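In what follows, a structure is listed as structure tokens, so that the remarks can point back to it.
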Amino acid sequence: MAVIAAQIRDLLNRPRGLTENTITEYITIRTAEVNKKARQSGYVGVTDNAPTTELKESAIKMLVCVDCLRVLIDTLHAVVPEKEKGTMDIRFAKQMSSFEKSAKDAMANIEEKSGTAFKVKATTTRVGGTTGAQLSGNLHSIR
């Protein structure tokens, strides 16, 4: 299942003034971002921890909701009657803070952190330093 505009409208309680094209563009932008940042199953140690499609889609939905709410807040005065502006401002601000927190949490669940863990193993052929016998022999030759 892919993220669609109707899902975003449902999450935002079907607000007035939000066009289909705006939602679709934000979905496209955020899908690319999530796919870029998500842990990939080909990395070391990620095979079992790769995010599922559902987790990625949840992150996309939350991010798109935040983007759409920003658009709504900026364009609110052109769409909402004067009497409802204050109420709508408060409602959108509350929704936005909630969706921002959810988006941050969703991205943290799928995101590849800045480093990849790997194991370095010392081999017997590459032992660093010297042994005690070599050290004492070197000291005698210096004197």
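Values in this text are rule-based calculations from the coordinates and carry no lab data. Keep in mind that this is a model prediction, so the values were computed, not measured. Cβ atoms come from the backbone with ideal geometry, glycine included; neighbour counts cover every protein chain shown.
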Spin-label model distance (nm) - Glu111 vs Thr19, 7 Å beyond Cα toward Cβ: 3.2
Positive-end residue of Ser102, Gly17, Val80, charge dipole of segment 5-117 with Cβ unit charges: Val80
Residue by residue through segment 89-96, what is 3J(HN,Hα) from phi via Karplus (6.51 cos²θ - 1.76 cosθ + 1.60, θ = phi - 60°)? Round to whole Hz and write x for glycine and proline. 4, 5, 4, 5, 5, 5, 4, 5
Cross-link pairs beyond the 21 Å C-alpha cut-off, checked among Lys56/Lys101; Lys36/Lys56; Lys61/Lys83; Lys36/Lys61: Lys61/Lys83
How long is the gain from Arg91 to Ile4 if the chain were fully straight, where each residue apart is worth 0.36 nm and the alpha carbon distance is subtracted? 29.0 nm
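What FRET efficiency comes out for Lys36 versus Glu84 if R0 is 35 angstrom and r is the Cβ-Cβ distance? Round to the nearest 0.05.
0.35
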Given the Cα-Cα distance of Ile29 and Leu11 and 0.36 nm per residue of separation, how much length would full extension add, in nm? 4.6 nm
